[in-house]
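Reviewing the structure listed below.
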Amino acid sequence: MDMNDYISDLADKIPIFQDDTAFWMIRTKGGNFYDEFLRNSYIAIGWNYLSKSKLDSTLEGQLREELKHTKYPEKNAGTAIGKSNRFVYTIKSNDIALIVGSNRVAFAIIGEYFEGDPDMCTVTRELEVHSQIETHTYPGNACPYLKRRSIQLISEYEISQLSPVLFKCLARNHHSLSDLHSYGKNIQL
């Protein structure tokens, strides 16, 4: 292969981003869902009670009360609603996800929103899996999260290979979903 063919081949593999491309960090519950997300080409977040139809049909104040008193009493209801809304409505196709595992990270192009099997992605199952993860008894059989988006993997790295600025961001930010737009220039694909 001559140099021109090599450069042409390399250029075909470099993604082109629009000016309005946003960057998002998605955590994987301590790495427990990382391999599944990559293997099955999706990302997901919890708070199954907050399905798209629930977000569409219920006033935010009512959702806050329902979450506080019935479903997720130990969680901040405003945070759950905000992150769910961002995942469903703010993230758009062709945005970029930084998917964080326990010692690896992956970059992926985000696709369309969809929901997992509602019979398998119940609030009860979600809370049961969270308990199993906390007690180190999770068998790793299936991510219980309802809200999902398809992804197309771009690249994968060891966490130690990240730029120092991005590494520092990962070390300080432990939210399940975070806007990384301000770190865009530090993102290496």
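The values are calculated or read from the model by the stated rules, or taken from the named source; none is laboratory data. Computed from a predicted structure; not experimentally measured. Neighbour counts are summed over all protein chains in view; Cβ atoms, including those assigned to glycine, are modelled from backbone coordinates with ideal geometry. In case anyone asks, the SASA skips ligands and DNA or RNA and just uses the protein heavy atoms, side chains included. Shrake-Rupley method; radii C 1.70, N 1.55, O 1.52, S 1.80 Å.
Just list whichever of Lys29/Lys52; Lys71/Lys147; Lys68/Lys92 have alpha carbons separated by over 27 Å in the model shown. Write down the numbers at each step before the final one.
On the way: Lys29/Lys52 21 Å; Lys71/Lys147 16 Å; Lys68/Lys92 29 Å.
Over 27 Å apart, Cα to Cα: Lys68/Lys92.
Using a 1.4 angstrom probe and counting only protein chains, how large is the accessible area of Tyr89 in Å², to 10?
Using a 1.4 Å probe on the heavy atoms, I get roughly 100 Å².
Once you place label points 7 Å from the Cα toward the Cβ at Arg39 and Val165, how far apart are they in nm?
3.6
Taking region 44-130, which GluC sites (Glu not before Pro) meet the DSSP loop condition and have no more than 11 other C-beta atoms within 10 Å?
Hits after loop and neighbour filter: Glu74.
Give me the number: length gained by fully extending Met120 to Ser93, i.e. 0.36 nm times residue separation minus the C-alpha to C-alpha distance, one decimal in nm. Numbers along the way, then the final one.
Values: separation 27, 0.36 × 27 = 9.72 nm, distance 2.54 nm.
Gain on stretching Met120 to Ser93: 7.2 nm.
Go ahead and run the numbers for FRET between Tyr113 and His69, Cβ-Cβ distance against an R0 of 25 Å, rounding to 0.05. Before the final figure, lay out the partial values.
Numbers: r = 28 Å, r/R0 = 1.11.
The pair Tyr113/His69 has a calculated efficiency of 0.35.
5 Å is the cut-off here: which amide hydrogens, built 1.01 Å from N in the peptide plane, fall below it relative to Tyr42, excluding neighbours closer than 5 in sequence?
Under 5 Å from the amide H of Tyr42: Ile151.
Compute the length gained on full extension between Ser57 and Gln152: take 0.36 nm times their separation in residues and subtract their Cα-Cα distance, giving the result in nm to one decimal. Walk me through the numbers on the way to the answer.
Values: separation 95, 0.36 × 95 = 34.20 nm, distance 3.07 nm.
So the extension gain works out to 31.1 nm.
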